[in-house]
Amino acid sequence: MENQRYIDFANYNIWANNKFIDALSKVEEELLKQKIEASFPSILKTANHMLMAEYGWLSRLQGNGWDVSEVTNLSGSPSELFKLWQRTSVNFKNFIENTDLEIKILFDHKEESYSIPIREIAQTVFTHGNYHRGQLVIMMRQLGIKEIPKTDYIEWVRQNVKDGQY
């Protein structure tokens, strides 16, 4: 049952990412690429960063190191990025469902060695997504985009209650 919390958070992550993907898919590509003062210079660069982190951590958890070549080889079209992002979020959830989350992952980063349980890496990935989805909201507002999804965790819970899943 302990893993269920992480599976729930993975399902929430998919739901929240999809809400943004749906909203951003309706925005003109030029607006997605428009430079704006933020952590990353555009909505598309922020979405790419979110995908890169989720994809990279999944790769590392699966024993492939930090392999993000599929992300870096994207053509640059928003739809291609969004499809890979959706697939990656589902793959991350499937990994969480089928893995002992107490296993420690050993890796090196910037000449430091780390040993971290998978559950902590999963939590990091999910909170990282929340952080940047909040930034996307601010960026969208600054660019005058009106259709901004509500993706707070409680919104996901409410939706699940309506759908009879809670």
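The values are calculated or read from the model by the stated rules, or taken from the named source; none is laboratory data. Just so we're clear, the structure is a prediction, and the values are computed from it rather than from any experiment. Note that each Cβ is placed from the backbone with ideal geometry, even for glycine, and that neighbours are counted across all protein chains shown. When the accessible area is computed, the model is the full protein with side chains, heavy atoms only, and any ligands, DNA or RNA have been set aside. Shrake-Rupley method; radii C 1.70, N 1.55, O 1.52, S 1.80 Å.
Structural remarks
- Dimensionless Rg/Rh of the stretch 9-166 - Kirkwood Rh, Rg from C-alpha atoms: 0.98
- Within the straight-line cut-off of under 30 Å between alpha carbons, the lysines reachable from K93 are K19, K26, K33, K45, K83, K104, K110, K150, K162, sequence neighbours fewer than 8 places apart in one chain being disregarded.
- The stretch 53-94: mean projected area of Cα convex hull, nm²: 2.7
- GNM top mover of Q142, Q62, Q123 - the chain, alpha-carbon springs below 10 Å: Q142
- Solvent accessible area, Å² - W15, 1.4 Å probe, full protein context: 50
- The helix-based estimate of mean residue ellipticity at 222 nm for the chain, built from -39,500 (n - 2.57) per DSSP H run of four or more residues and divided by its residue count, is -21000 deg cm²/dmol to the nearest 500.
- Each principal axis of the stretch 22-103 carries a Cα extent, and these read 42, 22, 21 Å when sorted largest first.
- The trypsin sites (Lys or Arg not before Pro) of the stretch 25-83 that DSSP puts in a loop, and whose beta carbon has at most 14 other beta carbons within 10 Å, are K26, K35.
- Student exercise, the stretch 62-154 dipole from Lys, Arg, Asp, Glu Cβ charges, in Debye to nearest 20: 540
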